[in-house]
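Chemist: So that we are looking at the same thing, I have put the structure below in structure tokens.
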Amino acid sequence: MTSAVGFLGAGQLGEPMIDRLLGAGHDVLVCARREEVRRRLAAKGAALAGSVADLARGSDVLISCLFSDAQLRETGLGPDGFIANAKDGAVFVSHTTGTLSTLEALRDSAPSAPIILDAPVSGTVENIDAGTLTVLIGGPGDAVASVTPILAAYADPVVATGALGSALALKLINNLLFAANAQLLAAATQLGTQLGIEPDVLLSTLQVCSARSHAADQAHRIGGMERFEVLAGPFLRKDVAACREAAAEAGVELGLLGTAVREGPLALDVDSATAGSDR
């Protein structure tokens, strides 16, 4: 039987995910607030929900790609949220890199809450377009198995990580390590400048040396560290804040990774901006 797929969060990553779902032949119901996004998606064959509650009532599998825990709580909780209005037996897949406590709050907010899966992503719009986004996914194995063929429209690999929250923990470690790598790269760029090496020469040279990293590849591809901080900074700041919140909830220290992120040249360990995915 075909599952009715709902989607919440048609923003920078969400909209191309919806494109891939439609291209794979899924019937997709979307809740989006921006009229231009609604028009684009309707033209591509998506059905439009008038509200979050309507979206939840029409979805067997509800996927969200929201920017923050705050947006998950805003749209999920309360009488008009997607938890209270979910179909019996529905599965909720959250692509937000946030905290386990938010997902637990959603799960515990209603006796008939859907099965909740944490499914943070690693990759870019280009990966989504190519169907090669990495999705880590935690939760009950049967629910994970049921949604994996749907997520395969834009994700390969889809990595089952264990119990609810395990995917978020792994993704937060990944993001903290990436932020630390970015800080080391920025420090290396500063050192290179002091030694008379042009930043673009440094970045291009690193592509063929043992210190090559994903952070260096991205910075080189998009035009240097200043451009990297402008484009990646808001997401890294949000993710670093989420790492600190999750670590505090778990009573653990971030250690050397936290020190590198805090003390590096880039302004990454500050309060995150509130901008994000469209709803």
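The values are calculated or read from the model by the stated rules, or taken from the named source; none is laboratory data. Being a predicted model, the structure only gives us computed values, none of them experimental. Cβ coordinates were reconstructed from backbone atoms using ideal geometry, including for glycine residues, and neighbour counts include every protein chain displayed. Note: accessible area is taken over every heavy atom of the protein model, side chains too, but ligands, DNA and RNA are not part of it. Shrake-Rupley method; radii C 1.70, N 1.55, O 1.52, S 1.80 Å.
Chemist: With (1) under 30 Å from LEU231 (Cβ atoms); (2) open to solvent by less than 10 Å² (accessible area, probe 1.4 Å); (3) not basic (Lys, Arg) as the list, and LEU106 as the residue in question, which single condition is left unmet?
Modeler: Single failed check for LEU106: (1).
Chemist: Yes or no: the range 45-56 includes at least one residue that is open to solvent by 60 Å² or more (accessible area, probe 1.4 Å), under 21 Å from ILE150 (Cα atoms), of a type outside the set (Ser, Thr, Tyr) and touching a Gly at 6+ places or on another chain (Cβ under 8 Å).
Modeler: Looking through the range 45-56, none of the residues is open to solvent by 60 Å² or more (accessible area, probe 1.4 Å), under 21 Å from ILE150 (Cα atoms), of a type outside the set (Ser, Thr, Tyr) and touching a Gly at 6+ places or on another chain (Cβ under 8 Å).
Chemist: Given the options LEU172, LEU184, name the one that is modelled with pLDDT under 95 and either aliphatic (A, V, I, L, M) or touching a strand residue (DSSP E or B) at 6+ places or on another chain (Cβ under 8 Å) (or both).
Modeler: LEU172
Chemist: Does ALA143 count as under 19 Å from ARG57 (Cα atoms), of a type in the set (Gly, Ala, Ser) and either in a helix (DSSP H, G or I) or open to solvent by 30 Å² or more (accessible area, probe 1.4 Å) (or both)?
Modeler: Answer is yes for this residue.
Chemist: Still on this structure: Within the range 57-70, can you find the residues that are open to solvent by 20 Å² or more (accessible area, probe 1.4 Å), touching a Lys or Arg at 6+ places or on another chain (Cβ under 9 Å) and not small (Gly, Ala, Ser)?
Modeler: ARG57, ASP60
Chemist: Those residues that are in contact with a Gly (Cβ under 6 Å, 6 or more places away or on another chain) and of a type in the set (S, T, N, Q), I need them from the range 155-205; list them, please.
Modeler: THR161, SER166, GLN183
Chemist: Just to be sure, is PRO157 without any contact (Cβ under 8 Å) to a residue 24 or more places away in the chain, part of a helix (DSSP H, G or I) and surrounded by fewer than 22 Cβ atoms within 10 Å (Cβ to Cβ)?
Modeler: no
Chemist: Another question, then. Identify all residues within the range 214-268 that are outside any helix (DSSP H, G or I) and either in contact with a Gly (Cβ under 8 Å, 6 or more places away or on another chain) or open to solvent by 30 Å² or more (accessible area, probe 1.4 Å) (or both); write none if there are none.
Modeler: Residues satisfying the conditions are GLY223, GLY251, VAL252, GLU253, LEU254, PRO265, LEU266, ALA267, LEU268.
Chemist: ALA130 is checked against (1) surrounded by fewer than 23 Cβ atoms within 10 Å (Cβ to Cβ); (2) under 16 Å from the mean Cα position of the chain (by Cα) and fails just one. What number does that condition carry?
Modeler: (2) is the only condition that ALA130 fails.
Chemist: Among the numbered criteria (1) at positive phi; (2) touching a residue at least 12 places away in the same chain (Cβ under 8 Å), which single criterion is violated by GLY78?
Modeler: The single condition GLY78 does not satisfy is (2).
Chemist: Looking at (1) touching a Phe, Trp or Tyr at 6+ places or on another chain (Cβ under 6 Å); (2) open to solvent by less than 10 Å² (accessible area, probe 1.4 Å), which is the one condition that is false for VAL37?
Modeler: (1)
Chemist: Could you tell me whether any residue of the range 104-115 is of a type in the set (Val, Ile, Thr), within 19 Å of GLU245 (Cβ to Cβ) and without any contact (Cβ under 8 Å) to a residue 60 or more places away in the chain?
Modeler: No - not one qualifying residue is present in the range 104-115.
Residue by residue, here is whether (1) small (Gly, Ala, Ser); (2) open to solvent by 30 Å² or more (accessible area, probe 1.4 Å); (3) in a helix (DSSP H, G or I); (4) within 29 Å of ALA24 (Cβ to Cβ) holds:
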| site | (1), (2), (3), (4) |
| --- | --- |
| ALA153 | yes, no, no, yes |
| THR161 | no, yes, no, yes |
| ALA167 | yes, no, yes, yes |
| ASN174 | no, yes, yes, yes |
| ALA180 | yes, no, yes, no |
| ALA186 | yes, no, yes, no |
| GLY192 | yes, no, yes, no |
| LEU203 | no, no, yes, no |
| CYS209 | no, yes, no, no |
